[in-house]
1. Tally up the residues in the range 230-286 that are charged (D, E, K, R), farther than 26 Å from G155 by Cα, in contact (Cβ under 8 Å) with a residue 12 or more places away in the chain and part of a helix (DSSP H, G or I), please.
2. Going by what's in this entry, would Y91 be described as of a type in the set (F, W, Y), under 14 Å from the mean Cα position of the chain (by Cα) and either more than 12 Å from T154 (Cα to Cα) or outside any helix (DSSP H, G or I) (or both)?
3. Please verify whether K74 is at pLDDT below 95 and open to solvent by 60 Å² or more (accessible area, probe 1.4 Å), treating the condition exactly as stated.
4. Taking the condition without any contact (Cβ under 8 Å) to a residue 12 or more places away in the chain, open to solvent by 80 Å² or more (accessible area, probe 1.4 Å) and farther than 21 Å from F190 by Cα, does K333 pass?
5. Taking the range 185-213, which residues are open to solvent by 20 Å² or more (accessible area, probe 1.4 Å), at pLDDT below 85 and in a loop (DSSP other than H, G, I, E, B)?
6. So in the range 49-73, with the set limited to residues that are touching a Cys at 6+ places or on another chain (Cβ under 9 Å) and of a type outside the set (A, V, I, L, M), which one is farthest from T288 (Cα to Cα)?
7. Could you check the range 115-132 and list, in sequence order, the residues that are touching a residue at least 24 places away in the same chain (Cβ under 8 Å) and either buried (at least 19 other Cβ atoms within 10 Å of the Cβ) or assigned to a loop (DSSP other than H, G, I, E, B) (or both)?
8. What number of residues within the range 296-308 satisfy the criterion of being within 11 Å of A67 (Cβ to Cβ) and not hydrophobic (A, V, I, L, M, F, W, C)?
Amino acid sequence: MKENMCSECNACIQICTHQAIQLKVNQEGFAYPEIDSEKCINCNLCNKVCPMQNGDKTKSVNIKTLAVQTLDNKTLQKSSSGGVFSLIALYVLDQGGIVYGAAWDSNMQLHHIGAETEKDLEKLRGSKYVHSDIGNSFREIKEHLKQGRIVYFTGTPCQVSALKLFLRKPYDNLITSDLICHGTPSQKLFNAFLENMEKESEEKIIDYKFRDKKIAGWSCSSSSALSVKKGGKRKYHIYDKNMRAYYLAFIKGDITREDCYQCPFTTVERTGDITLADFWDIHKYHPTFPNLPDGVSLILINSNKGNNIWEQVKSKTHYQLSSLNIAVQTCNKNLYTPTTRPPERDTSYRNAFEDIVKFRDSYLNNENPRKIYLSYYKRKIRNNTLIAWIWKRTNH
């Protein structure tokens, strides 16, 4: 399959009972299906479950648009935006269900996993700007559904579409949430940044948050944060230039998977029962919404099932009715158009793998980490001693 026509959803791999399809990884770290003609029986199931070919069959029109924020401040601070994912997920767990989403493993590799406890749910919270390996999740989900168990699946629109196509029929006990997606870089590139960071710091990275509210509150440009281990002790860092550069490259669209530049799911017709996003610019449209600095979710309800779930959790939120017209005017550009492929994409991966430090530094020419530290400590600064410490910590 051509690289601009595959989203690496793994649906074709999981649907093929003859094991005639294998994933072949290219130099950038992205995988694409390759068919073994000797094993293939030409059943065409692989094409039927491909979201890039059949995604329109899984789309729904918007029913309701909302601005939402959970009332639970602890959950809100752990969430990237307004905490709606956690509300739905906790409701599903209370019903004896299981929640599927993207989580880091012990080696900082991103996979879709099933969470059955509130503790496991912690791994699924937060934005993760890397391609998540679906693995055999669709097969697992199908078994849960056949047993009558409620399943809540969250992922990119192409992953949600792929799951629905893989199942080949609707299930009343399946709930899905898609994301307004900017695109996905490869795990291989993320690993290169991680390895360089560990080499420079002599620390083991054990957790990473792309947008940590502890640093600068709710913001699309706030710095990432990470947890490390050194000498058996766990430490928390609010800035690292390697991961900052990765984030900037991601935002610019320089390291996105090729098919994302032609994504058929960047439309107001959505694949999830509920679409989750940040309600950027909410102050322009809903200025009376409370606690704006703490994060607000933009929620698109796209099915009766999604609306039924919303009715179950809305009492635990601040919310205001909005509109689809307002939603497309926010900074969520990928609600109506794919990420633009920049000229830098032609050489970005090659440059990164040839010299990760040079590639990293090319994104940091105008960066000033002092601002990030000052933002983090703005409520704690009381004397020149702390200011001097910040200057010393960031001027190395």
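The values are calculated or read from the model by the stated rules, or taken from the named source; none is laboratory data. Keep in mind the model is a prediction, meaning the values are calculated, not measured. FYI the Cβ positions are ideal-geometry reconstructions off the backbone, even for glycines, and counts take in every protein chain you see. Note: areas computed on protein heavy atoms with side chains; ligands, DNA, RNA excluded. Shrake-Rupley method; radii C 1.70, N 1.55, O 1.52, S 1.80 Å.
1. Adding up the residues that qualify gives 1.
2. So Y91 fails the test.
3. yes
4. For K333, the condition - without any contact (Cβ under 8 Å) to a residue 12 or more places away in the chain, open to solvent by 80 Å² or more (accessible area, probe 1.4 Å) and farther than 21 Å from F190 by Cα - is met.
5. Listed by number, the list holds a single entry, R211.
6. C50
7. A115, T117, L121, L124, R125, G126, S127, K128, Y129, V130, H131, S132
8. Of the residues in that region, 1 qualify.
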